[in-house]
Amino acid sequence: MTYLKLEVTMEKSVVLVIGFWLLLLGNGVQSHRQDKKHQSLPRDQPYRTGYHFQPPKNWMNDPNGPMYYKGVYHLFYQYNPYAAVWGNITWAHSISYDLVNWINLDIALSPGDPFDINGCWSGSTTFLSGEKPVILYTGSDTMNRQVQNLAEPKNLSDPLLREWVKSSHNPLMSPVDGIDPKNFRDPTTAWQGPDGLWRVLVGNEMDGHGRALLYRSQDFITWSQSKEPIHSSTRTGMWECPDFYPVSIDGKNGVETSSLDKFTKQVLKASFDNSDHYVLGNYTAVTDNFLVDTDFLDNGSDLRYDYGNFYASKTFFDSGKKRRILWGWILESDNTTDDVKKGWSGLQSIPRTILLSKTGKQLIQWPLEEIEKQRIIKVSFENKELKGGSVLEVSGITASQADVEVSFSLSSFKEAELMDPSWVDPKLLCSQKTASVRSNVGPFGILVLASKDLTEQTAIFFRVFRSKDNYVVLMCSDQSRSSVEEGPQKTIYGAFIDIDPLNEKISLRSLIDHSIVESFGGEGRACITARVYPKLAIDNQAYLYAFNNGTLDVNIPTLNAWSMKNAQIVSSTKRRKPNLN
């Protein structure tokens, strides 16, 4: 009976979604293939993605104010409507029912007032009482000072929230009392304490040290700064795009930002040094005291969302499915000349769910389940032995646009290379021990966006080292041979994964999409994203391989790989606006 009920529910859901898209397509919505703006791009676009979010053209950076409102997902993002370089920054706006297929609406916020004349920069959305969404964002004012501003929906009955109105009270927060006006930006989602006051954090730097300034308000208009930041660090510089939210200690669901549940840990994320770092701790709402478990970069700690190309991220609580979802900006790794030539720059990551690990020591990330609906053609095999020095082609799918899940195991790790105590930097270690450097246990993994003769290849792989008391698993993403072109950056990334290889398989999932590879090791305990620009391994000339360049044999218990169909990303026109009423 339960199974039958589930089938009916799914069927209704599909009908609703199809109806939504047909309605919009019938009311002045054009697909990118028909969009004149999109047609103005060069025809040769080997690096444009198939199922990642990106606008039709031009520059995109930080995700802003993602939210779920009346059955619709909203994503705002930093956007230059005129060029493929940073500048003229607005809040672009897209909506979705599934976080995979999108409709681009008109720009939500554009510079034009004294408090944001030089740019509408990053910020967040918050739901006030009555489920009223509002935007807090940074504006660059007439004196190029960074100030915090408010915008509200013009029509709350419109689930698409197509029009936004800036508050007459702007700016709400200004850089006074010694705050550096050049380093005062990116307000978080606000949360409400037990005293009824709203709180919000703003990123800041003071004397070269990163800080998250705390502000409080009764009415969301008049804000007062706390005497002390909620947290600061002497080990970092400016904190951009801070985020502050609870995660459940023992649950599988996300937690609403204002939750006062005592069975939670608090996450503080800050973007600095081109990465998104986070700390875990305990937050006392009554006193606004945040006590971290281990501080940023202390005692060798280096917790990051992603150890590759991933920055300026933003989470939101999805009230529809009770989960917390993470978006991140994926920068280009070519140069500005290439961006201008191809007509666009910047991607958004595949949205990821976030949970606290069972150990309580780190976060676990995983691509949201909706992306699996893009899977079409599948190939798989089990219990495949990879001899030392061997390569195995995984054929039958579109390797330039794919989803791959694979696990590895070995019968013994006793011959693993001894771990040198000085090897504390995984990125450096991966750069020294690339995929071509052999050891006993590894490197083994997959070669993606590879040419037939392996001249070009991006290697995502593992090594296992033996230390005094346990084994250490290293995950690497090696872009050193990703392109025969000289121009693109070919950075090698690395991360240590908290895995006991004696008691669990070493697993990997990689989402491959023409010029981006998002990899999740150890079921999401370490994530590495890379941008690559192959010259040979493009479209149907891209290949996928499993490999083992170690001396010991490796077993593949399971490998599943799918071709991925394109996401539908369409643009609404100004002729006739969608109407759901």
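The values are calculated or read from the model by the stated rules, or taken from the named source; none is laboratory data. Nothing here was measured: the structure is a model prediction, and the numbers come from that model. Here the Cβ is made from the backbone with ideal geometry for all residues, glycine too, and neighbour counts use every protein chain on show. The protein model used for the area step is the full one, side chains on, heavy atoms only, and it has no ligands, DNA or RNA in it. Shrake-Rupley method; radii C 1.70, N 1.55, O 1.52, S 1.80 Å.
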For residue 499, indicate whether it is in a loop (DSSP other than H, G, I, E, B) and either surrounded by 23 or more Cβ atoms within 10 Å (Cβ to Cβ) or of a type outside the set (D, E, K, R) (or both). yes
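Per-residue answers, yes or no, for (1) outside any loop (DSSP other than H, G, I, E, B); (2) β-branched (Val, Ile, Thr); (3) modelled with pLDDT under 95:
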{"residue": "366", "(1), (2), (3)": "yes, no, no"}
{"residue": "378", "(1), (2), (3)": "yes, no, no"}
{"residue": "395", "(1), (2), (3)": "no, no, no"}
{"residue": "406", "(1), (2), (3)": "yes, yes, no"}
Hey, does the range 303-315 have a residue that's more than 30 Å from residue 99 (Cα to Cα), in contact with a Pro (Cβ under 9 Å, 6 or more places away or on another chain), aromatic (Phe, Trp, Tyr) and open to solvent by 30 Å² or more (accessible area, probe 1.4 Å)? no
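Residue 156 - would you say it is in contact with a strand residue (DSSP E or B) (Cβ under 6 Å, 6 or more places away or on another chain) and either open to solvent by 20 Å² or more (accessible area, probe 1.4 Å) or at pLDDT 95 or above (or both)? Spell out the reasoning first.
On the way: in contact with a strand residue (DSSP E or B) (Cβ under 6 Å, 6 or more places away or on another chain): no; either open to solvent by 20 Å² or more (accessible area, probe 1.4 Å) or at pLDDT 95 or above (or both): yes.
It is false that residue 156 is in contact with a strand residue (DSSP E or B) (Cβ under 6 Å, 6 or more places away or on another chain) and either open to solvent by 20 Å² or more (accessible area, probe 1.4 Å) or at pLDDT 95 or above (or both).
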From the option list 108, 92, 83, single residue qualifying as out of contact with any helix residue (DSSP H, G or I) (no Cβ under 8 Å at 6 or more places or on another chain), touching a residue at least 40 places away in the same chain (Cβ under 8 Å) and among the small types (Gly, Ala, Ser) is 108
Condition check: out of contact with any Pro (no Cβ under 9 Å at 6 or more places or on another chain) and within 19 Å of residue 303 (Cα to Cα). Does residue 472 satisfy that? yes
Can residue 341 be described as among the basic types (Lys, Arg) and either over 28 Å from residue 451 (Cβ atoms) or assigned to a loop (DSSP other than H, G, I, E, B) (or both)? no
Yes or no: residue 359 open to solvent by 40 Å² or more (accessible area, probe 1.4 Å) and either within 18 Å of the chain's Cα centre (by Cα) or assigned by the TED database to the domain that holds residue 553 (or both)? no
Selection status of residue 187, under 24 Å from the mean Cα position of the chain (by Cα) and either assigned to a strand (DSSP E or B) or over 27 Å from residue 211 (Cβ atoms) (or both): no
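Out of curiosity, is residue 248 open to solvent by 20 Å² or more (accessible area, probe 1.4 Å) and assigned by the TED database to the domain that holds residue 178? First the steps, then the outcome.
Details: open to solvent by 20 Å² or more (accessible area, probe 1.4 Å): yes; assigned by the TED database to the domain that holds residue 178: yes.
Yes; evaluated as a whole, the condition is true for this residue.
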Would you point out which residue out of 486, 456, 417 is out of contact with any Asp or Glu (no Cβ under 6 Å at 6 or more places or on another chain), assigned by the TED database to the domain that holds residue 531, surrounded by fewer than 19 Cβ atoms within 10 Å (Cβ to Cβ) and modelled with pLDDT of 95 or more? 417
Go through the range 506-544 residue by residue and tally those that are open to solvent by 20 Å² or more (accessible area, probe 1.4 Å) and not in a strand (DSSP E or B). 9
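Tally time: how many residues in the range 284-302 are among the acidic types (Asp, Glu), farther than 23 Å from residue 478 by Cβ and open to solvent by 30 Å² or more (accessible area, probe 1.4 Å)?
Of the residues in that region, 3 qualify.
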Go through (1) open to solvent by 70 Å² or more (accessible area, probe 1.4 Å); (2) modelled with pLDDT under 95; (3) assigned by the TED database to the domain that holds residue 293 and name the single condition residue 411 misses. (3)
If you check 433, 373, 387, 378, which single one turns out to be open to solvent by 10 Å² or more (accessible area, probe 1.4 Å) and without any contact (Cβ under 8 Å) to a residue 60 or more places away in the chain? 433
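Has the range 80-87 got any residue that is surrounded by 23 or more Cβ atoms within 10 Å (Cβ to Cβ) and assigned to a strand (DSSP E or B)?
The initial filter retains those residues of the range 80-87 that are surrounded by 23 or more Cβ atoms within 10 Å (Cβ to Cβ), namely none.
No, the range 80-87 contains no residue that is surrounded by 23 or more Cβ atoms within 10 Å (Cβ to Cβ) and assigned to a strand (DSSP E or B).
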Within the range 298-317, track down each residue that is part of a loop (DSSP other than H, G, I, E, B) and at pLDDT below 95. 301, 302
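Do we have any residue at all in the range 173-196 that's more than 21 Å from residue 315 (Cα to Cα), of a type outside the set (A, V, I, L, M), in contact with a Leu (Cβ under 8 Å, 6 or more places away or on another chain) and open to solvent by less than 20 Å² (accessible area, probe 1.4 Å)?
No - not one qualifying residue is present in the range 173-196.
For the range 218-245, which residues satisfy the criterion of being among the charged types (D, E, K, R) and open to solvent by less than 20 Å² (accessible area, probe 1.4 Å)?
Scanning the range 218-245 gives a single hit, 243.
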Within the range 115-143, considering residues that are in a loop (DSSP other than H, G, I, E, B), in contact with a Gly (Cβ under 9 Å, 6 or more places away or on another chain) and open to solvent by 10 Å² or more (accessible area, probe 1.4 Å), the one farthest from residue 180 (Cα to Cα): 117
Just to be sure I understand the filter: pairs with C-beta atoms under 6 Å, separated by 6 or more residues or on different chains, first member in the range 123-134 and among the hydroxyl-bearing types (Ser, Thr, Tyr), second member open to solvent by 60 Å² or more (accessible area, probe 1.4 Å) and not in a strand (DSSP E or B). Which pairs pass? none
